[in-house]
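Taken together, the values in this text are just the output of simple stated rules run on the coordinates, not laboratory data. Everything quoted here is computed from the prediction, not taken from an experiment. All Cβ positions, even for glycine, are placed from backbone atoms using ideal geometry, and neighbour counts span all protein chains on display.
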Amino acid sequence: MIKFSTFNPIRTTIKKMKRVTVNTYRKDKYYPRVVRAAGKILARADVVAPIEILIEMGNLSKKNYEAWRKGKVPFLERVFEGNISKANRILRIIGFHAHDLNMVPKITHYHQWGKGKKRALQFSKSGDKKLEEAYSRHYLWNQSPEKKQEIIERAKAEQVI
């Protein structure tokens with residue numbers, strides 16, 4: 001009788017991505033990029049939107065964003081540059097980072113640009129309510145200009161990993 005080994009070299013070489021939590025998000029490889037992108041946006045505005053961060057990080061082109069806003073793309077995730085788990089990971093990091101900055105979350109509704117009926121736009125293929133809210137949640141700055149400048153300076157100094 002021949003005994004086969006259960007060793008699978010493919011399974012052992014693939015690292016499982018750990019879930020982003022409030023305790024681990026600062027160690028995530030996307031965290032420095034999120035911080036820098038949020039800092040750049042805060043330097044020019046008092047509102048930070050996940051879509052702006054994705055554009056600033058290079059995961060969403062302005063051209064693709066505009067095509068989605070005009071209704072030419074059925075859902076935003078279709079034109080996201082990277083896989084969907086990466087997008088979800090970045091959304092969680094954005095939420096944790098904005099919470100650390102004491103920013104106020106506010107759900108914003110996105111509607112189609114252009115002539116005709118202004119239909120509500122969809123971010124994800126699944127249309128999951130929590131995921132849709134994560135994409136559409138904007139974060140409002142509600143603190144002093146001095147504190148804002150301090151955050152912007154810290155974001156510029158964030159190391160690239």
Taking the Cβ of Glu133 as the center, what net charge do the other residues with Cβ under 15 Å away carry, scoring Lys and Arg +1 and Asp and Glu -1? +2
What number, in nm² with one decimal, is the all-direction average of the projected area of the convex hull of the alpha-carbon atoms of the chain? 13.3 nm²
By how many nm would the segment from Lys27 to Val47 grow when fully extended, if each residue of separation counts as 0.36 nm and the alpha-carbon distance is taken off? 4.7 nm
At a Förster radius of 22 Å, what calculated FRET efficiency corresponds to the Cβ-Cβ distance of Lys18 and Glu158, to the nearest 0.05? 0.55
Determine, for each peptide in 144-156, 95-107, 46-58, the mean count of other beta carbons within 10 angstrom over its residues, then list the peptides with the highest first. 46-58, 95-107, 144-156
How high is the relative contact order of the chain, in percent, counting Cα pairs under 8 Å that sit 6 or more residues apart? 31 percent
